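Read through the structure below, which is laid out as structure tokens, and then see the notes.
Since every read-out is calculated from the coordinates, none of them should be taken as a lab result. All figures in this text were calculated on a predicted structure; none of them were measured in a lab. Reconstructed Cβ throughout: ideal geometry from the backbone, glycine too, with neighbour counts over all protein chains shown.
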Amino acid sequence: MLTKESALVRSEADRKTEAELIRLAEEIDAVEGYRAPHATFMARMAETLGAELGLRGSDLTALKFAALAHDLGERVMGRDYLGRNSELTWEERLDLWRHPILGEQAAAQRGLSRQAQLLIRWHHEWWNGSGYPDALAGEAIPLGARIVRVVDTYSALLNDRTWRFSPARSDEANPEEIAQQIIADYAGIEFDPRVVRAFLDLLNRTTRSNE
């Protein structure tokens, strides 16, 4: 899915940064308890979707780097509950809400651009203003952060992160169809409706091309 080669033209420094972030993403996935690659998968989706929505050059590079490093803060925190396959307590959720700010700080220490740092800080903001850490809403949230919000959730759903959502499902249910329906249901609430439409259309086109 979404295996199209990157259209970005990167400098040697960008290629080195990307390689470092990919190695780091694998480490973060292990901290979070993902059974399949998460950050690299969503970075490919984010880059493709960002290009579909008109991002180019440094904006697209910042998006991909932020997607790879979006959960740096969770690596800094290193909490045991991140890999637990059960609901989080209220105290654990409050603790987890710190991770975008810690991620922003860790990204700065690693020399990522200010744009990438802010996408990491704001990747848990909701379209309706109910997100964290700054309760941004609508187009006050940068497009890159809105894209990361959608693809992060989609990838988490495919990895069955039960503390994130607990949709009704049967053994015969298609996980991708369930994930897409949840994304559609939360358009205008958690997700930018325009990003959701573009994302679902991209998934449908990719599915048809693979049939």
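Laid out as a table, the results:
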| read-out | value |
| --- | --- |
| Listed residues 90, 123, 187: farthest to the positive end of the dipole of region 55-199 (Cβ charges) | 123 |
| Formal net charge of residues neighbouring residue 120 (Cβ-Cβ distance under 10 Å; K, R +1; D, E -1) | -1 |
| Whole-Hz couplings from phi, Karplus 6.51/-1.76/1.60, listed for region 144-158; x for Gly and Pro | x, 5, 5, 5, 4, 4, 5, 6, 4, 5, 4, 5, 4, 5, 5 |
| Inter-site label distance for residue 205 and residue 86 at 7 Å from Cα along Cβ, in nm | 4.4 nm |
